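Structure first, commentary second.
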Amino acid sequence: MTSSAQYTLFAGGYAAADQPGIHTFDYDVVTGQLTPRSSFTGIANPSFLVLHPNGRWLFAVSETGLGDGGEHGAVWAFDIIRRSPTFRPINHQSTRGDWPCHLQIDATGRWIVASNYGSGDVALFPILENGALGEMTEFVQHHGHGPNSARQEGPHAHSATLTPDNRFAIVADLGIDQLLIYAFNGKTGKLEQNALIQTRPGAGPRHVAFHPDGQRLYVANELDSTVTVYDYDVSNGTLQELQTLDTLPPGAPENIVADIHVSASGQRVYVSNRGHNSVAVYAVEPDGQLARLAIPSCGGKWPRNFTLAPDGRFMLVANEHSNEIAVLPVLEGTTELGEPVARAAAPRPTCLQFASG
């Protein structure tokens, strides 16, 4: 944080290794304005970022693969010098799979899990005391396919999310229409399959988000443009489907869903639509199920990922095809999201992360 009214925003995206791929901005919590600060060159396609809870280390995927005629993907670790802010690479580790697209750090800050979209597998690494990535402790390969021959010819692990109690990892595999639930051993860094949830054929589960109470899970289904609500049983790490809703109005153009987030209050769920170029907004009912309220514009084209500002007053959207980040005011109870109050140029942005505190 550079002043009492500013935070640092990190933006990752698609870029060649010799082009800037990670960018930082000062974010003003009062106005929503973004001021460019610095960038980092040296990684191919740092399309997903995650900040360590200590605020000192940043981790990024390098979304590459053998299918591109290159190498397996990787996870990079960085020291952050916050006053600049600048980045100092610590080390990197191969994910032993293609096109890693998602990262999550466990609740202890000692482990990080990467999802390889292209090859349909997940990898787990320890985070060492100096922020470096240790040797891989687990690698799990998925198998199968789905009904969509163009997108589901094989497994495509799109995200791995640790449950709030840090006991399980839920992997959303778009290619096989499954949520695979693994028991997570926080001492050894191992995963053991606990349960398997089959989604609707062709749904293509992509990202998931827990309600703050830890009892409901919301899943963004990329291929059929829906969101599904599950009851999460904390006693055994299983899911029970409760509800599925569309993210689009009738007659909408071709679309694929991207990101999903729950407001800190637990009163709203947001899902981004690529193609319709919008964000579907849902009210959370007392039983955790959803009621769609509005589908306002995302303020650009192809909203890949988005994030809510620390105080919840603004939503920041990484609009990949319009090469910019749009800042939208959150207006609960009216239009839900307003017109952009600020924009910042960023080449092919795909992931946004606020610095803590």
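Quick one: Thr161 ticks every box in (1) within 20 Å of the chain's Cα centre (by Cα); (2) outside any strand (DSSP E or B); (3) of a type outside the set (Lys, Arg) bar one, so which box is it?
So Thr161 meets the others, but not (2).
Could you grab the pairs with beta carbons closer than 8 Å, sequence gap of 6+ or different chains, first residue in segment 52-70 and surrounded by fewer than 22 Cβ atoms within 10 Å (Cβ to Cβ), second one hydroxyl-bearing (Ser, Thr, Tyr)?
These pairs meet every condition: Pro53/Ser356; Gly55/Ser356; Gly65/Ser119; Gly70/Thr64.
For segment 233-257, enumerate the residues that are among the polar types (S, T, N, Q) and either at positive phi or touching a Gly at 6+ places or on another chain (Cβ under 6 Å) (or both).
Residue satisfying the conditions is Asn255 alone.
Quick one: which residue in Asn116, Asn130, Asn185, Asn194 is open to solvent by less than 30 Å² (accessible area, probe 1.4 Å) and more than 26 Å from Leu245 (Cα to Cα)?
Result of the check over Asn116, Asn130, Asn185, Asn194: Asn116.
Return the pairs, sorted by first residue and then second, in which the second residue is of a type in the set (Ser, Thr, Tyr) and not in a strand (DSSP E or B), the first residue lies in segment 218-232 and is without any contact (Cβ under 8 Å) to a residue 40 or more places away in the chain and on the phi < 0 side of the Ramachandran plot, the beta carbons are less than 8 Å apart, and the residues are 6+ apart or on different chains.
Pairs found: Asn221/Thr199; Thr226/Thr247; Thr228/Thr199.
For the structure I just gave you, tell me whether Trp111 is closer than 17 Å to Ile127 by Cα and hydrophobic (A, V, I, L, M, F, W, C).
So Trp111 passes the test.
Listed residues Glu320, Glu339, Glu332; which is surrounded by fewer than 20 Cβ atoms within 10 Å (Cβ to Cβ), touching a Pro at 6+ places or on another chain (Cβ under 9 Å) and charged (D, E, K, R)?
On the way: Glu320 fails: surrounded by fewer than 20 Cβ atoms within 10 Å (Cβ to Cβ); Glu332 fails: touching a Pro at 6+ places or on another chain (Cβ under 9 Å).
Checking each option against the conditions leaves just Glu339.
Given (1) touching a residue at least 12 places away in the same chain (Cβ under 8 Å); (2) out of contact with any Pro (no Cβ under 7 Å at 6 or more places or on another chain); (3) open to solvent by 10 Å² or more (accessible area, probe 1.4 Å); (4) more than 30 Å from His142 (Cα to Cα), where does Thr41 come up short, assuming only one miss?
Only one criterion is unmet by Thr41, namely (2).
Residue check: is Ala150 in a strand (DSSP E or B) and either surrounded by fewer than 16 Cβ atoms within 10 Å (Cβ to Cβ) or of a type in the set (Ser, Thr, Tyr) (or both)?
So Ala150 does not fit the description; no.
Take Gly299 and tell me if it is on the phi > 0 side of the Ramachandran plot and either free of Cβ contacts under 8 Å to residues at least 60 places away in the same chain or of a type outside the set (Gly, Ala, Ser) (or both).
Answer is yes for this residue.
Which one of these does Gln353 not meet: (1) over 15 Å from Asp259 (Cβ atoms); (2) open to solvent by 30 Å² or more (accessible area, probe 1.4 Å)?
For Gln353, the failing item is (1).
Go over the candidates Asp121, Asp68, Asp98 one by one and state the one that is under 24 Å from Leu180 (Cα atoms) and out of contact with any Phe, Trp or Tyr (no Cβ under 7 Å at 6 or more places or on another chain).
Working: Asp121 fails: out of contact with any Phe, Trp or Tyr (no Cβ under 7 Å at 6 or more places or on another chain); Asp68 fails: under 24 Å from Leu180 (Cα atoms).
Step by step, each of Asp121, Asp68, Asp98 is checked, and only Asp98 is under 24 Å from Leu180 (Cα atoms) and out of contact with any Phe, Trp or Tyr (no Cβ under 7 Å at 6 or more places or on another chain).
Please find, within segment 89-113, the residue that is most open to solvent (accessible area, probe 1.4 Å) out of those that are in contact with a Gly (Cβ under 7 Å, 6 or more places away or on another chain) and under 12 Å from Phe48 (Cβ atoms).
Among them, the one singled out is Trp99.
Which of the numbered conditions does Asp18 fail, given that it passes all the others? Conditions: (1) under 18 Å from the mean Cα position of the chain (by Cα); (2) open to solvent by 20 Å² or more (accessible area, probe 1.4 Å).
It fails just one condition, (1).
His145 is checked against (1) over 21 Å from Ala74 (Cα atoms); (2) out of contact with any Gly (no Cβ under 9 Å at 6 or more places or on another chain); (3) free of Cβ contacts under 8 Å to residues at least 40 places away in the same chain; (4) outside any strand (DSSP E or B) and fails just one. What number does that condition carry?
Status for His145: all satisfied but (2).
Please find, among Gly175, Gly189, the residue that is in contact (Cβ under 8 Å) with a residue 12 or more places away in the chain, on the phi > 0 side of the Ramachandran plot and touching a strand residue (DSSP E or B) at 6+ places or on another chain (Cβ under 9 Å).
Result of the check over Gly175, Gly189: Gly189.
Among the strands (runs of 3 or more DSSP E) lying completely within segment 220-302, list those that include at least 1 residues that are surrounded by fewer than 17 Cβ atoms within 10 Å (Cβ to Cβ) and in contact with a Ser or Thr (Cβ under 8 Å, 6 or more places away or on another chain).
238-246, 290-294
The values are calculated or read from the model by the stated rules, or taken from the named source; none is laboratory data. Since the structure is predicted, the reported quantities are computational estimates derived from the model, not experimental observations. All Cβ positions, glycine included, derive from the backbone under ideal geometry; neighbour counts span all protein chains shown. The protein model used for the area step is the full one, side chains on, heavy atoms only, and it has no ligands, DNA or RNA in it. Shrake-Rupley method; radii C 1.70, N 1.55, O 1.52, S 1.80 Å.
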